[in-house]
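To start, the structure itself, in structure tokens.
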Amino acid sequence: MKTIDCRGMQCPKPLILTKKAINSIEVGQSIEILIDNETSRQNVERFLMDNGVEVAVVQEGALFSLTATKRSKDEVAGNEKGYCSPPGAHRPHVICFSSDTMGSGPAELGAILMKAFVNTIKEVKPLPSHCVFYNSGVNLVVEGSTLIEPLQKLSEQGVKILACGTCLDYFNVKDKLRVGTVSNMYTILETLSGAGHVIKP
Amino acid sequence: MQVTSSNHNRNDKPLKKLIIVFNSTREAIDAERACLGKGLSCQAIPVPRNISAECGIALDVDQKDESAVRALFEEKNISAYFHEKEAGTPSIAL
């Protein structure tokens, strides 16, 4: 396993070296990344996870060893500099769709409010980093939803769309996902806890 | 029912859009349902700020569907006000 020694390096250098190394290996292969500060560790870990790379971290004193395993054949193309957030810097928000309606009340009102909400996301900058869909929220990203096209456009602008796999399975619509990727509780919780703030319509 | 994705021209060249506003939320909900029921592509959006500062739902439809949408609303007895996108002033009230 190749080792990338990023000790003593400042952001974005560890990210640039990591990206280059990930793009040079095959799916299923791993690299080890050595980092000696917490901020850099967070940035690299977030960068890898956002790009579909599996990460395991071992800490020994002040040294972090990250094992990054490539899980997708897609080239990692993320903007490294965007991940150089100093502590306390602005972190993008995440929108959390826990239902297919906005607010609680009459279903038809909640449904049309939710459609208008989703169609407004693109108008308000900065865009969220992620939109997370779970429970009946997954109805918005499967076949039959009128919001596939607007969500697809957000996805093309870099907004990551995550759909709860357990929920797709429960509703028996796993093969009907039309925008975004199937996700799990770990990624969903990491995405929510890593957000600058979370919006829940 | 797969409705809104049926318009493949959108990525090539944006079609002219119409913003339709209503007298009530009730009519907006009924109008959206009626359009989708007829397979007319429409998106619920908030009423643009240049039209009204009050909260309200508008529909965004393709201009090519204008006559079909007008006929549909007449049939359903829905009062609607049509605006060309970014034009700001009502063109014709049904």
Just for the stretch A:58-109: of the residues that are within 20 Å of A:GLU32 (Cα to Cα) and small (Gly, Ala, Ser), which one is surrounded by the most Cβ atoms within 10 Å (Cβ to Cβ)? A:ALA68
Quick one: A:LYS115 ticks every box in (1) surrounded by 20 or more Cβ atoms within 10 Å (Cβ to Cβ); (2) more than 8 Å from chain B (Cβ to nearest Cβ) bar one, so which box is it? (2)
Report whether or not A:LEU127 is surrounded by fewer than 20 Cβ atoms within 10 Å (Cβ to Cβ), closer than 22 Å to A:ASP50 by Cα and within 18 Å of the chain's Cα centre (by Cα). yes
Assess whether A:GLU149 counts as being at pLDDT 95 or above and either in a helix (DSSP H, G or I) or among the charged types (D, E, K, R) (or both). yes
For the stretch A:50-63, check the following and say yes or no: at least one residue is acidic (Asp, Glu), farther than 24 Å from A:LEU151 by Cβ, out of contact with any helix residue (DSSP H, G or I) (no Cβ under 7 Å at 6 or more places or on another chain) and not assigned by TED's automatic domain parsing to the domain that holds A:GLY180. yes
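Okay, residues lined up against (1) away from every other protein chain (no Cβ under 14 Å); (2) more than 22 Å from A:GLU123 (Cα to Cα); (3) modelled with pLDDT of 95 or more:
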residue	(1), (2), (3)
B:LEU15	no, no, no
B:PHE22	no, no, no
B:LYS64	yes, yes, no
B:VAL69	yes, yes, yes
B:PHE73	yes, yes, yes
B:GLY88	yes, no, no
Only listed residue being modelled with pLDDT under 95 and either crowded, with 16+ Cβ neighbours inside 10 Å or facing another protein chain (nearest Cβ under 9 Å) (or both), chosen from B:ARG26, B:ARG10, B:ARG33: B:ARG10
Inside the stretch A:141-160, can you point out the residues that are more than 8 Å from chain B (Cβ to nearest Cβ) and of a type outside the set (A, V, I, L, M, F, W, C)? A:SER145, A:GLN152, A:LYS153, A:SER155, A:GLU156, A:GLN157, A:GLY158, A:LYS160
In the stretch A:30-57, what residues are part of a loop (DSSP other than H, G, I, E, B) and surrounded by fewer than 17 Cβ atoms within 10 Å (Cβ to Cβ)? A:ASP36, A:GLY52
Test A:LYS122 against the stated conditions and say whether it is basic (Lys, Arg), surrounded by fewer than 21 Cβ atoms within 10 Å (Cβ to Cβ) and within 14 Å of chain B (Cβ to nearest Cβ). yes
Name the residues in the stretch A:11-37 that are in contact (Cβ under 8 Å) with a residue 12 or more places away in the chain, over 14 Å from A:LYS73 (Cα atoms) and not β-branched (Val, Ile, Thr), would you? A:CYS11, A:PRO12, A:PRO14, A:LEU15, A:LEU17, A:GLU32, A:LEU34, A:ASP36, A:ASN37
Of the residues in the stretch B:40-51, those that are under 13 Å from the mean Cα position of the chain (by Cα) and in a loop (DSSP other than H, G, I, E, B) come to B:LEU40, B:SER41, B:VAL47, B:PRO48
Single unsatisfied condition, A:VAL179 versus (1) farther than 21 Å from A:VAL53 by Cα; (2) outside any helix (DSSP H, G or I); (3) within 14 Å of chain B (Cβ to nearest Cβ): (1)
I need the full set of residues from the stretch A:92-137 which are without any contact (Cβ under 8 Å) to a residue 60 or more places away in the chain, at negative phi and not in a helix (DSSP H, G or I), in order please. A:SER99, A:ASP100, A:THR101, A:SER104, A:PRO106, A:VAL124, A:LYS125, A:PRO126, A:LEU127, A:CYS131, A:PHE133, A:TYR134
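The values are calculated or read from the model by the stated rules, or taken from the named source; none is laboratory data. Values in this document were obtained by computation on a predicted structure and should not be read as measured data. When we count neighbours, we look across all protein chains shown, and the Cβ atoms used for this are built from the backbone with ideal geometry, even at glycine.
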